[in-house]
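What follows is a set of notes on a single structure, which appears directly below.
Values in this text are rule-based calculations from the coordinates and carry no lab data. All values reported here derive from a predicted model rather than from experimental measurement. Every residue, glycine as well, gets a Cβ built from its backbone with ideal geometry; the counts of neighbours run over all protein chains shown.
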Amino acid sequence: MIEKKMFVDGQWTEALSGKTREIINPFNREVIARVPEGDREDATRAVKAARQAFDAGDWPQTPGSVRGELVYDLGRLIERDREELAELETLNTGKTLEESRWDMDDIASIFKYYAGLADKDRGEVIESPIPKSSSRVVREPVGVCAQISPWNYPLLQASWKMAPALTAGCTIVMKPSSITPLTTIKVTELAEEAGFPPGVVNTVLGPGNSLGAELAESPEVDLISFTGGIETGRKIMQAAAGNIKKIALELGGKNPNIIFADADFDLALDSVLSGALFHAGQICSAGARVLVQDQIHDRFVQSLLSRMQRIKLGNGLDSGTQMGPLISAEHLKKVEDYVRIALEEGAVLQCGGERPSAPELRNGFFYTPTLFTDCKNEMRIIQEEIFGPVISLESFQTEQEALDLANSTVYGLSAGFWTRDPDRIHRMSQGLRFGTVWINDFNIYFTQAPWGGYKQSGLGRELGRAGLEEYTETKHIFQNHAPQATNWFGA
Ligand code: NAD
């Protein structure tokens with residue numbers, strides 16, 4: 001049994017109330033850890049420490065090159081402990097060890113990438129229209145940043161926030177999802193080992209609707225960065241309005257993967273499987289909404305079906321496992337509800353649609369890979385995020401129809417399409433209203449490229465240079481080198 005604490009002002013601490021929470025393995029429901037269950041007062045205490053470290057500490061004024069070294073060291077420590085972190089992530093989320101290892105490599109590269117930007121591009125000199133004057137535009141750290149992450153990619157999503165904020169010179173209060181805190185706690189330990197000053201990195205644990213809400217409401221917080229569901233995002237926006245804090249939101253997606261008849265059939269098929277079913281579909285960019293041109297529709301369904309029925313469910317720690325469980329009983333119920341709704345709305349179930357019967361999976365939150373065909377645009381499984389191993393397939397005739405269908409959602413996170421026609425590539429990539437568009441690929445993202453949503457999929461961008469800019473304020477500094485008296489009002 002792992003026992004962990006929160007990290008506030010450089011100290012490992014219990015919740016002020018003394019309450020704790022058990023963390024379970026979704027593969028078998030076994031309790032794997034016990035952690036503090038903080039509340040509003042724990043958030044307040046951490047915000048105070050971060051405020052003090054920002055307002056009175058050296059961190060914001062520390063040269064970028066020095067900050068960058070610490071951020072880089074943290075990346076190196078993550079590489080050193082990659083295997084331990086990967087196993088912890090798999091134990092806590094159920095995802096396969098291969099996926100977790102990939103996450104950890106990506107996470108280390110995120111810290112190293114931002115470390116490299118720490119002493120670059122801190123501003124520019126601009127032309128001043130006033131004679132004998134100069135103007136500089138500088139970028140300064142925003143201040144105290146509250147950062148709230150979800151359970152699906154616990155440490156990856158946390159690192160998209162921690163690395164740029166620390167690089168920019170902000171102080172942070174990180175709140176991981178209450179059910180998947182373990183790797184974020186471990187990385188906080190590594191931040192302590194790297195030597196970040198007390199109060200710069202704080203990690204608090206507790207429920208979103210109390211401790212998380214306090215972070216969103218606190219007048220002492222300058223920026224809130226949140227990744228999670230759209231409804232929580234709305235609440236965060238409202239709470240943040242109190243002191244007009246800066247907001248960065250990475251919300252859900254309903255991501256179309258469009259297969260034209262001239263596509264490379266086998267590659268497109270692979271992309272649908274991995275794009276929709278990776279991590280049991282619990283990805284904001286899951287390509288769970290598949291649009292197939294009618295000439296190849298029936299063949300595509302048959303091929304997809306035979307591949308989906310062969311997917312091996314199991315323990316993420318076992319090497320043969322291709323898909324782990326869903327995260328929780330509550331989430332499993334949500335996926336089951338959507339499957340019931342799909343059937344009621346007339347979608348045709350081709351496979352899955354149930355919990356697996358194998359006895360070795362009985363204790364876990366497993367759901368079989370599920371395929372629906374004959375889906376219509378107005379159905380809820382087409383318009384709403386399911387976040388499970390459920391693919392919905394629609395057919396279309398023309399390019400314009402595919403574009404209209406793909407865009408007809410409140411979400412705008414990511415979309416992909418498969419075709420060999422260069423003119424269509426141009427038209428489609430312009431027409432799709434999504435933050436990321438993949439051409440002849442799906443679910444590709446990397447540290448250097450900005451990530452974020454159009455429409456209700458979010459506000460702002462993470463990753464890339466844009467991800468660093470989120471954590472900076474822009475200041476214009478004007479100096480008159482030959483000031484003269486001005487008098488607007490007469491003698
Ligand atoms: P969620 O919204 O339930 O919770 C996310 C986090 O917010 C958790 O830490 C939770 O404790 C906290 N929270 C809950 N209520 C809160 C409140 N009132 N105030 C402050 N914090 C609160 O989301 P989830 O179920 O953990 O994650 C799944 C969602 O995350 C999906 O919708 C998915 O699409 C989205 N997501 C988006 C991206 C992206 O890059 N756009 C990436 C990963 C996940």
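Dividing the mean sequence gap of close Cα pairs (under 8 Å, 6+ apart) by how many residues the chain holds gives a relative contact order of 18 percent.
The slack between TRP12 and SER274, meaning 0.36 nm per residue of separation minus the straight C-alpha distance, is 90.3 nm. In order along the stretch 48-58, the Karplus-derived 3J(HN,Hα) couplings, from 6.51 cos²θ - 1.76 cosθ + 1.60 at θ = phi - 60°, round to 4, 5, 5, 5, 4, 5, 7, 6, 10, x, 8 Hz, and Gly and Pro are given as x.
A simple spin-label model places pseudo-atoms 7 Å from Cα toward Cβ; at LYS376 and GLN52 they are separated by 6.2 nm.
Taking amide H atoms as placed 1.01 Å from N in the peptide plane, the amide H of GLY206 lies under 5 Å from those of GLY38, each 5 or more residues away in sequence or on another chain.
Close amide H partners of THR20, meaning residues 5 or more places away or on another chain with modelled amide H under 5 Å apart, are GLU37.
First obtain the Kirkwood hydrodynamic radius of the stretch 388-485 from its Cα pairs, then insert it into the Stokes-Einstein equation at 20 °C and 1.002 mPa s, and state the resulting D in µm² per second as a whole number.
Values: Rh = 16.4 Å.
Taking Rh from Cα pairs, D becomes 130 µm²/s.
Listed values for the stretch 84-98 are Karplus-derived 3J(HN,Hα) couplings in whole Hz (6.51 cos²θ - 1.76 cosθ + 1.60, θ = phi - 60°), namely 4, 5, 5, 5, 4, 5, 5, 4, 8, 10, x, 5, 5, 4, 4, and x replaces Gly and Pro. Altogether, the Stokes-Einstein calculation at 20 °C and 1.002 mPa s, with the Kirkwood radius of the stretch 269-338 over Cα pairs as Rh, returns a diffusion coefficient of 158 µm²/s. Count Lys and Arg as plus one, Asp and Glu as minus one, and take only other residues whose Cβ is under 10 Å from that of GLU462; the net charge is then 0. For GLU214, the shell of other residues with beta-carbons less than 11 Å away shows a net charge of -2, using +1 for Lys and Arg and -1 for Asp and Glu. Just in the stretch 360-443: which trypsin sites (Lys or Arg not before Pro) are loop by DSSP and have at most 13 other Cβ atoms within 10 Å? Taking the stretch 360-443 and a limit of 13 other Cβ atoms within 10 Å, the loop trypsin sites (Lys or Arg not before Pro) found are ARG362, LYS376, ARG420.
Report, as a whole number in µm² per second, the diffusion coefficient that Stokes-Einstein gives for the stretch 436-491 at 10 °C and 1.306 mPa s using the Kirkwood radius over alpha carbon pairs.
Estimated via Stokes-Einstein, D reaches 101 µm²/s.
Summarising the strand pairing of the stretch 256-439, around 15 percent of its internal DSSP beta bridges are antiparallel. Amide H to amide H, with H built 1.01 Å from N, GLY412 comes under 5 Å of LYS254, TYR454, GLN456, SER457, counting only residues 5 or more places away or on other chains.
Computed per residue of the chain from DSSP H runs no shorter than four, each worth -39500 (n - 2.57), the mean residue ellipticity at 222 nm is -11500 deg cm²/dmol.
Determine the distance separating the Cα centre of the stretch 272-290 from the Cα centre of the stretch 204-253; give it in Å without decimals. Centre-to-centre (Cα) distance: 26 Å.
For the stretch 256-439, the extents of the C-alpha atoms along the principal axes are 51, 32, 30 Å, listed from largest to smallest.
When both the stretch 102-116 and the stretch 170-192 are represented by their alpha-carbon centers, they are found 16 Å apart.
Over 25 Å between C-alpha atoms is what I'm after, so list which of LYS246/LYS455; LYS245/LYS475; LYS5/LYS254; LYS4/LYS95 land there. Flagged as over cut-off: LYS5/LYS254. Of the Cα atoms belonging to the chain, the radius of gyration and Dmax stand at 24.2, 93 Å.
Which longest run of the chain has no exposed loop site in it, a site being chymotrypsin sites (Phe, Trp or Tyr not before Pro) in a DSSP loop with at most 14 other beta carbons within 10 Å, and the site itself not part of the run?
1-445
Applying the Karplus relation 6.51 cos²θ - 1.76 cosθ + 1.60 with θ = phi - 60° to the stretch 377-385 yields 3J(HN,Hα) values of 3, 7, 5, 5, 5, 8, 8, 10, 7 Hz, where x marks Gly and Pro. Neighbours of PRO256 by Cβ distance under 10 Å: Lys/Arg scored +1, Asp/Glu scored -1, total +1.
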